[in-house]
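Here's the structure we're looking at; comments come further down.
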Amino acid sequence: VVFDVLHHQLNHGGKEKDKDIKLILEKCFSTWSKDTGVPKIHFSTQRPDARYGVHADAVDINLLMEIYCEFINYDFDIMLETKDKEISVLRAMKVLEDAKKFMEK
């Protein structure tokens with residue numbers, strides 16, 4: 001099972017309580033155990049100037065940081081879905097590495 005941030009933002013069932021990604025991730029993570037492996041998150045955001053559902057060219061580093069810092073003590077993998085590929089990956093790795101060092105202090 002994979003939690004997809006953009007798909008959740010686009011189709012969360014219309015219920016206000018189901019818009020909260022943090023609450024949803026807490027529920028998702030609680031269903032995983034060492035036997036089921038590491039939870040996966042597909043991370044992308046809506047491209048502002050495109051039709052509904054089109055991935056943005058680059059990672060939204062602010063939203064990524066918000067999710068990462070909220071769940072820094074959880075073991076999970078983040079798979080970026082962006083058009084600029086390596087540019088976003090390298091940027092995200094640097095920012096998340098810095099955040100982890102900061103949070104450990």
Dividing the alpha-carbon radius of gyration of region 1-47 by 2.2 N^0.38 Å (N being the number of residues), what value is obtained? 1.21
Net length gained if the chain between ARG51 and HIS12 were fully extended (0.36 nm per residue, minus Cα distance): 12.2 nm
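Whole number in Å², please: accessible area per residue of the chain, 1.4 Å probe, ligands, DNA and RNA not counted. It would help to have the intermediate numbers written out before the result.
Working: 7120 Å² over 105 residues.
Here the per-residue accessible area is 68 Å².
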Have a look at LYS34, LYS94, LYS83 and tell me which one the Gaussian network model of the chain (Cα, springs below 10 Å) gives the largest fluctuation. LYS34
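Quick one: putting +1 on the C-beta of Lys and Arg, -1 on the C-beta of Asp and Glu, what dipole do you get for the chain around its Cα centre, in Debye to the nearest 20?
60 debye
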Paramagnetic label zone (point 7 Å from Cα along Cα-to-C-beta, VAL38; backbone N under 13 Å) in region 60-74: 74
Would you mind computing, in nm to one decimal, how far apart the modelled labels at PHE102 and GLU70 are, each placed 7 Å from Cα along Cα→Cβ? 1.7 nm
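Could you work out what % of the accessible surface of the chain is carbon and sulfur, using a 1.4 angstrom probe and leaving DNA, RNA and ligands out of the count? Working shown, then result.
Numbers: 3860 of 7120 Å².
After summing per-atom areas, the C and S share lands at 54 percent.
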Sites ASN62 and THR31 - FRET efficiency at Förster radius 22 Å, r taken between beta-carbons, to 0.05: 0.20
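Output the pairs from LYS15/LYS83; LYS22/LYS94; LYS27/LYS100; LYS40/LYS100; LYS40/LYS94; LYS17/LYS40 with a Cα-Cα distance over 25 Å in this structure; if there are none, say none.
Values: LYS15/LYS83 30 Å; LYS22/LYS94 23 Å; LYS27/LYS100 23 Å; LYS40/LYS100 19 Å; LYS40/LYS94 20 Å; LYS17/LYS40 22 Å.
From the list (LYS15/LYS83; LYS22/LYS94; LYS27/LYS100; LYS40/LYS100; LYS40/LYS94; LYS17/LYS40), the Cα-Cα distance tops 25 Å for LYS15/LYS83.
Taking each pair of distinct Cα atoms in the chain once, what is the resulting Kirkwood hydrodynamic radius in Å? Don't jump to the answer; show the numbers that get you there.
Details: mean 1/r = 0.0683 Å⁻¹.
Its Kirkwood hydrodynamic radius stands at 14.6 Å.
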Run through all the Cα pairs of region 53-105 and give the fraction in each 10 Å bin from 0, expressed as whole percent. 23, 55, 20, 2
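The values are calculated or read from the model by the stated rules, or taken from the named source; none is laboratory data. Computed from a prediction, not measured in an experiment: that's the story for all the values here. Note that each Cβ is placed from the backbone with ideal geometry, even for glycine, and that neighbours are counted across all protein chains shown. Quick note on the areas: whole protein, heavy atoms, side chains included, nothing else; ligands and nucleic acids left out. Shrake-Rupley method; radii C 1.70, N 1.55, O 1.52, S 1.80 Å.
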